[in-house]
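Visitor: What follows is a single structure, and I will ask about it in a moment.
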Amino acid sequence: METKKWEPRIVAFLCNWCSYAGADLAGVSRYQYPPSLRIIRVPCSGRVSANMVLDALKSGADGVLVSGCHPGDCHYISGNMYARRRLALLKSLLEFIGIEPERFNVSWISASEGKQFAEVAREVTEKVRALGPARHLVKDF
Amino acid sequence: MAAPKGSVLVVGGGIAGVQAALDLANSGFYVHLVESTAAIGGRMAQLDKTFPTNDCSACILSPKLVECGRHLNINLLTLSDVESVEGEPGAFRVVVRQRPRYVDTEKCLACGTCAEKCPKKVPDDFNLGLGKRKAVYLRFPQAVPLKYAIDPEYCIYINKPGRCGMCAKVCPTGAINLEDTEKKHVLDVGAVILAPGFSAFDPSVLDYTGYGRFPNVVTSMDFERLLSPSGPTEGHLQRPSDKKEPKRIAWLQCIGSRDINRACHGYCSSVCCMYAIKQAVIAREHAGKDVSADIFYMDMRTHGKEFEAYYNRASDEGIAFHRARVHTVSPAADGDLVLRYADEQGRVREEEFDMVVLSVGLELDSRALDLAGRLGVALDADNFIATDTFRPVVTNRPGVYVCGAASEPKDIPQSVMEASAAALEAQRLLHGARWQETRTKEFPPERDVHAEPPRIGVFVCHCGINIAGVVDVKDVTEYAKGLPGVVIAQDNLFTCSQDTIDQMAKTIREHGLNRVVVASCTPRTHEPLFQETLREAGINKFLFEMANIRDQDSWVHQNQPEQATKKAKDLVRMAVAKVARKQPLPYNSVPVFKSALVVGAGVAGMSAALSLADQGFPVTLVERKDRLGGHAVKFYRTWQGAEVKPFLENLSRQVLSHENINVRFGVTVSDVEGSVGRFHTTLSDGSALDHGVAILAVGAESYKPGKGTFARDASSPWGRETFFHGARPDVYTLLELDQVFIKDPSSLSGANQAVFIHCVGSRIPERPYCSRVCCTHAIDQALKLKELNPDMDVIMLYRDIRTYGQREKLYQEARAKGILFVRYDLDHLPKVGEEGGGLVVQAHDPVLDMDVRFNPDFLVLASAVRPRDDVGGLAKLFKCALSEDNFMLEAHMKLRPVDFATDGVYLAGLCHYPKPMDEAIAQAQAAAARAATVLSRDEVPAESVTAEVDTRKCTGCGVCVRICPYHAVSPDPALRVAVVDTGLCKGCGACVAGCRSDAITLKNMGNEQILAAVDAAMEE
Ligand code: FES
């Protein structure tokens, strides 16, 4: 049976080396999660700028997930360290401009954590689902 | 030897043969790959999933098969058999007979019309007779070559010329040639690699199993096909008699293994415990958790990397494990089956099941047996191809090597390692003829598409039923046709199959496409394949994008077909939006420093160093201690009975005197820069070196219960238990006892009793893995004690005896010699105490269900092999990963067992996982063979997706210079802007995200492309 409840749309920026591979592993292991994520592969979580996150919210995403390698494991040595700092700042900025911080999520998932990926996907989806559709930044609002 | 030939014959197109062929073809040799069936892939292609990662077997295998099939330097000869091999190493003359296919492979498009119309239904041998195919057939959906063949045994026309001939009438390309004849090929090669694989044991000779009499008794190979989506039931688990979904399934272990009386096979087949657990897990995934799965076994042998964790998970999930041997399978009502077995206490029990799976063992195929005879290659006592302890892939015939299950039952990673090791032996023999007989790939010139508007082709994959079973592929394809820039959209059963790929190149040319989207599986495995297709079609390979509608869609939304289809459309739309904004990029490359760094001078490190040095590559061998040999100096003999010392002395002498090896004692690696082709490494003494590749072989440590140099968990079963190790001289670890064997064996001959405790420090919560080597080592020592004093009582306290493969022989011998085996479990740990100055050991005998006490003269602890504490630091320097158990983590546990995910870095030996010496040597040779695929080239491809500065926007603030982890960005003092060294840039994009003025971007991964994908994601 298909569930007919509202499905939020979440843009997920996943680093190629860990989290994207983790998402693949979730598939290989057939861990099921809600069909809410639209995954965009980026080389590294360090590639993700505030601009990209804001743009996603502006285009109508109900939530954004950024996921990279565990701190210390970045394929590019320190990309996720930059990401961590940058995205923490962004989170407070979002709060400041009136966007629920729960819409924006950051996680660290390795290539071997398919199960964890599915869990994060579920958690983030449920969090965003609870908030309802995002309307604040949508252009036509 | 005169100038050797630069080509190699590989016999057998299973995973081992394919790997050996690829390693050789990628390191400067021409390969003739001879396969007796109509397609390569071997047994692995018949498997559904592989343990311990549950990867889909065909999915991970397929890219390798395709690479093999497309490789310019691999000549694939299917339906072929080797008739003779004459000559000597470096110059063999081989005669190959190729049976007629009756289908012209040049013309066949694999459209399947012939099979559709063929009136003759025959048992499908790929599905082990469980289903039917036609007399004209495709071996399996992802077959390479993807070409039909006619089975002459059944074809009506061939048996009665003049009749039928339907296929020839309907074939749209006239590919059928019913008059095809046998061909004879005479090949000149320098070396021969045998990879003929195995056959599954035929259990019909074992009456008690009921196989052949009761339809619901199947073999494990049958069961793989019943689970497989490309199998006779399309992956719906059904039992043969009535197509009912079985709810109670039993697995019987050791069918045709460890059974001298009935099956004539004394050895253990090594893989069956794991595959049975895997099948039980997967069966419950298919048919629901209410399926009961019961495994009847003697010893649970989960001795490989991550195997024990898999076993633990399976038993936590409710799979039932019974330590019992079933003596009869008899029929019950409705096709059900009754098993009669004795439990461990000897009580006879009966239980009813819907279906019984026989975990059949491995044996050498009869055709391989004949081949060995024709080639003069010797067999061992178990009828496998005989090899040498210290040269694990070398046969008795010089220049002829063997790999895979033909020399001993083994799993896929071990076969892959040996395949690379066999490639190494051939490289070593023939390195003088490198690149002499190879051809180089010429791509057509690339069309300049800069000025063209996007003309995008979208190819949507069914992946059999992997995608199409959930996502409405036709609907997605129709949808794609309407997207901006798309000129053509097609759906394909398997987009990665050779024929679809050829078709894709044609479509690109015919429709003047300048960009391509493939919606299928993950770019992580398949992007290179499709990108090459673009190049073949004259398009820059970066004008490509994949939509991952399998791993990240159909597989994770299996019960939501509508939503999954919607998501697939979104993903395709995103990919189209992104690819439309991509530009052609240059193909960068870096020159290769043709030298290697090997870290660790144990047996693995030394073997790896010699393997490369013998091919003419300079090697720096770094050893933290001041001597060679690592742990091996402490070993007395291998399980095959060969003394280690003379071997080690000889190996060390070769290493020290080799003109291409520079040994550096007393130093470690302190810093690493660069990447594949040009590493720059600094050692602890401040010296530095440039090298193209690195092999890490830093070994492991033995767990010493008495030395608490690491954290101990008091709550774990062993807790703070030290068994008086270190406190009493009569308590040894295995290696300490080996020292006595080496130095003063006679000191033990007076002893009356010895007790061994197995699994000390292994298979417990704080160290959950099995240390693989200790059972064999302990039993071999017990036998040595019996040699010293036949009257000595030797008692082994064990949990499971894991003398896998041919090591089982030692276990049999031990029991025959009266060595006593008493099992213990974690609820009844052996206790060791002191009594009157001596030792007292108390254990609980589960068979007698009572406590037993021993007063041994000495106690031996089969203690764990543990990873070195400092291994993480080294891994980090090379950007390599560790597994949960803190062993080094290879790129892929099944198919890339010696590669790290970091290109140009390889691993070997105990830092990967505990293993005996023969396996460590094979792995070291494999690492060297893989390294040679880099060192044999003048340059390797470098990153093309690099950062780029827009000098008009750059304010020269210097943030990117500080951020870049590779020092690839520097300030230009004159222009006051940042400049990128594309040779150093790795394309991580940290600078892009950090730039305040939007002045730096990543080619094809810029804001333009990414934001286009984001926006597309939100469109309806
Ligand atoms: S590569 Fe994964 S976070 Fe940098």
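Visitor: Being near the ligand (Cβ under 10 Å from one of its atoms), modelled with pLDDT of 90 or more and not hydrophobic (A, V, I, L, M, F, W, C) is the filter here, so list the residues in region A:70-113 that pass it.
Guide: Scanning region A:70-113 gives A:GLY79, A:ASN80, A:TYR82, A:ARG84.
Visitor: Among B:SER366, B:SER415, B:SER407, which is among the hydroxyl-bearing types (Ser, Thr, Tyr), under 17 Å from B:TYR804 (Cα atoms) and either in contact (Cβ under 8 Å) with a residue 60 or more places away in the chain or surrounded by fewer than 23 Cβ atoms within 10 Å (Cβ to Cβ) (or both)? Show your work before the answer.
Guide: On the way: B:SER366 fails: under 17 Å from B:TYR804 (Cα atoms); B:SER407 fails: either in contact (Cβ under 8 Å) with a residue 60 or more places away in the chain or surrounded by fewer than 23 Cβ atoms within 10 Å (Cβ to Cβ) (or both).
Within the list B:SER366, B:SER415, B:SER407, the selection yields B:SER415.
Visitor: Filter region B:931-959 for residues that are among the hydrophobic types (A, V, I, L, M, F, W, C) and more than 21 Å from B:SER675 (Cα to Cα) and give the result.
Guide: B:VAL949, B:CYS954, B:CYS957, B:VAL959
Visitor: With over 30 Å from B:ALA191 (Cβ atoms) and charged (D, E, K, R) as the only criterion, which of B:ARG447, B:ARG434, B:ARG428 stands out?
Guide: B:ARG447
Visitor: I would also like to ask the following. Considering B:ALA1012, B:ALA942, B:ALA993, B:ALA947, which residue is in contact with a strand residue (DSSP E or B) (Cβ under 6 Å, 6 or more places away or on another chain), within 12 Å of another protein chain (Cβ to nearest Cβ) and either crowded, with 17+ Cβ neighbours inside 10 Å or under 30 Å from B:THR902 (Cα atoms) (or both)?
Guide: B:ALA947
Visitor: Then there is this: Name the residue that is nearest to the other protein chains (Cβ to nearest Cβ), counting only residues in region B:882-895 that are open to solvent by 50 Å² or more (accessible area, probe 1.4 Å) and free of Cβ contacts under 8 Å to residues at least 40 places away in the same chain.
Guide: B:LEU882
Visitor: For region A:46-141, which fully contained helices (runs of 4 or more DSSP H) count at least 2 residues that are more than 9 Å from chain B (Cβ to nearest Cβ), surrounded by fewer than 17 Cβ atoms within 10 Å (Cβ to Cβ) and in contact with a Phe, Trp or Tyr (Cβ under 8 Å, 6 or more places away or on another chain)?
Guide: A:114-131
Visitor: Oh, and also: What number goes with the only condition from (1) at the interface with chain B (Cβ under 8 Å from one of its Cβ atoms); (2) within 15 Å of the ligand (Cβ to nearest atom); (3) open to solvent by less than 10 Å² (accessible area, probe 1.4 Å); (4) of a type in the set (Phe, Trp, Tyr) that A:TRP17 does not pass?
Guide: (3)
Visitor: Given the structure, is B:ARG213 open to solvent by 40 Å² or more (accessible area, probe 1.4 Å), over 32 Å from the mean Cα position of the chain (by Cα) and over 27 Å from B:GLY41 (Cβ atoms)?
Guide: yes
Visitor: How many residues does region B:950-977 hold that are touching a Gly at 6+ places or on another chain (Cβ under 7 Å), open to solvent by less than 30 Å² (accessible area, probe 1.4 Å) and more than 15 Å from the ligand (Cβ to nearest atom)?
Guide: Selection size over region B:950-977: 3.
Visitor: Against the conditions (1) under 30 Å from B:ALA451 (Cβ atoms); (2) in contact with a helix residue (DSSP H, G or I) (Cβ under 8 Å, 6 or more places away or on another chain), where does B:PRO584 fall short? Just the number, please.
Guide: The number of the failed condition is (2).
Visitor: Looking at region B:610-624, I want the residues that are in the same structural domain as B:LEU424 (by TED's automatic domain parsing) and have a partner that is open to solvent by 10 Å² or more (accessible area, probe 1.4 Å) with Cβ atoms under 6 Å, at least 6 apart or on another chain. Which pairs are those?
Guide: Matching pairs, first to second residue: none at all.
Visitor: How many residues are closer than 17 Å to B:TYR154 by Cβ and surrounded by 15 or more Cβ atoms within 10 Å (Cβ to Cβ) when one looks only at region B:95-116?
Guide: Qualifying residue count, region B:95-116: 7.
Visitor: Take the residues of region B:449-467 that are free of Cβ contacts under 8 Å to residues at least 60 places away in the same chain and surrounded by fewer than 18 Cβ atoms within 10 Å (Cβ to Cβ): which is farthest from B:VAL556 (Cα to Cα)?
Guide: For region B:449-467, the residue satisfying everything is B:ALA451.
Visitor: While we're here: Which condition number does A:GLY60 fail, the rest of (1) on the phi > 0 side of the Ramachandran plot; (2) within 16 Å of the ligand (Cβ to nearest atom) being met?
Guide: (2)
Visitor: Turning to a different aspect of this structure: Name the residues in region B:342-363 that are open to solvent by 20 Å² or more (accessible area, probe 1.4 Å) and either in contact with a His (Cβ under 6 Å, 6 or more places away or on another chain) or within 13 Å of B:PHE296 (Cα to Cα) (or both), would you?
Guide: Within region B:342-363, B:ALA342, B:ASP343, B:GLU344, B:ARG349, B:GLU350, B:GLU351 qualify.
Visitor: Residue check: is A:VAL28 under 13 Å from the mean Cα position of the chain (by Cα) and among the β-branched types (Val, Ile, Thr)?
Guide: It is false that A:VAL28 is under 13 Å from the mean Cα position of the chain (by Cα) and among the β-branched types (Val, Ile, Thr).
Visitor: Given the criteria at the interface with chain B (Cβ under 7 Å from one of its Cβ atoms), within 14 Å of the ligand (Cβ to nearest atom) and under 30 Å from B:HIS286 (Cβ atoms), does A:ALA12 qualify?
Guide: no
Visitor: On to the next question. All but one of (1) of a type outside the set (Asp, Glu); (2) buried (at least 18 other Cβ atoms within 10 Å of the Cβ); (3) assigned by TED's automatic domain parsing to the domain that holds B:PRO172 hold for B:GLY90, so report the exception by its number.
Guide: It fails just one condition, (3).
Visitor: If I ask for residues that are within 14 Å of chain A (Cβ to nearest Cβ), under 10 Å from B:THR946 (Cβ atoms) and in contact (Cβ under 8 Å) with a residue 24 or more places away in the chain, which ones from region B:961-988 would you list?
Guide: Once the filter is applied, which keeps residues that are within 14 Å of chain A (Cβ to nearest Cβ), under 10 Å from B:THR946 (Cβ atoms) and in contact (Cβ under 8 Å) with a residue 24 or more places away in the chain, region B:961-988 yields B:CYS985, B:LYS986, B:GLY987.
Visitor: Do you know which residues across region B:563-614 are within 30 Å of B:ASN650 (Cβ to Cβ) and of a type in the set (D, E, K, R)?
Guide: Within region B:563-614, B:LYS594, B:ASP614 qualify.
Visitor: Let me ask another. Of all residues in region B:283-296, which are open to solvent by less than 20 Å² (accessible area, probe 1.4 Å) and over 10 Å from B:LEU237 (Cα atoms)?
Guide: Scanning region B:283-296 gives B:VAL291, B:ALA293, B:ASP294, B:ILE295, B:PHE296.
Visitor: For region B:518-561, enumerate the residues that are in a helix (DSSP H, G or I), within 9 Å of chain A (Cβ to nearest Cβ) and under 25 Å from the mean Cα position of the chain (by Cα).
Guide: Result: B:PRO523, B:ARG524, B:THR525, B:ARG550, B:ASP551, B:GLN552.
Visitor: Right, next: Could you list all residues from region B:350-361 that are part of a strand (DSSP E or B) and under 16 Å from B:TRP251 (Cβ atoms)?
Guide: Within region B:350-361, B:GLU351, B:GLU352, B:PHE353, B:MET355, B:VAL356, B:VAL357, B:LEU358, B:SER359, B:VAL360 qualify.
Visitor: Let me ask something else. Answer yes or no: is there a residue in region A:37-45 that is touching a helix residue (DSSP H, G or I) at 6+ places or on another chain (Cβ under 6 Å), more than 16 Å from the ligand (Cβ to nearest atom), within 7 Å of another protein chain (Cβ to nearest Cβ) and open to solvent by less than 30 Å² (accessible area, probe 1.4 Å).
Guide: Yes, that holds for at least one residue.
Visitor: Every residue in region B:469-487 that is open to solvent by 40 Å² or more (accessible area, probe 1.4 Å) and not in a helix (DSSP H, G or I), please. I'd like the intermediate steps shown before the answer.
Guide: To start, the set of residues in region B:469-487 that are open to solvent by 40 Å² or more (accessible area, probe 1.4 Å) comprises B:469, B:472, B:474-475, B:478-479, B:481-482, B:484, B:487.
The answer is B:GLY469, B:ASP472, B:GLY482, B:PRO484, B:VAL487.
Visitor: Hey, among the residues in region B:299-327 that are open to solvent by 50 Å² or more (accessible area, probe 1.4 Å) and in a strand (DSSP E or B), which one's modelled with the lowest pLDDT?
Guide: Out of the qualifying residues, it is B:ARG325.
The values are calculated or read from the model by the stated rules, or taken from the named source; none is laboratory data. All figures in this text were calculated on a predicted structure; none of them were measured in a lab. Cβ: placed from backbone, ideal geometry, glycine included. Neighbour counts: every protein chain shown. Remember, those area values only see protein heavy atoms, side chains included, never the ligands or the DNA or RNA. Shrake-Rupley method; radii C 1.70, N 1.55, O 1.52, S 1.80 Å.
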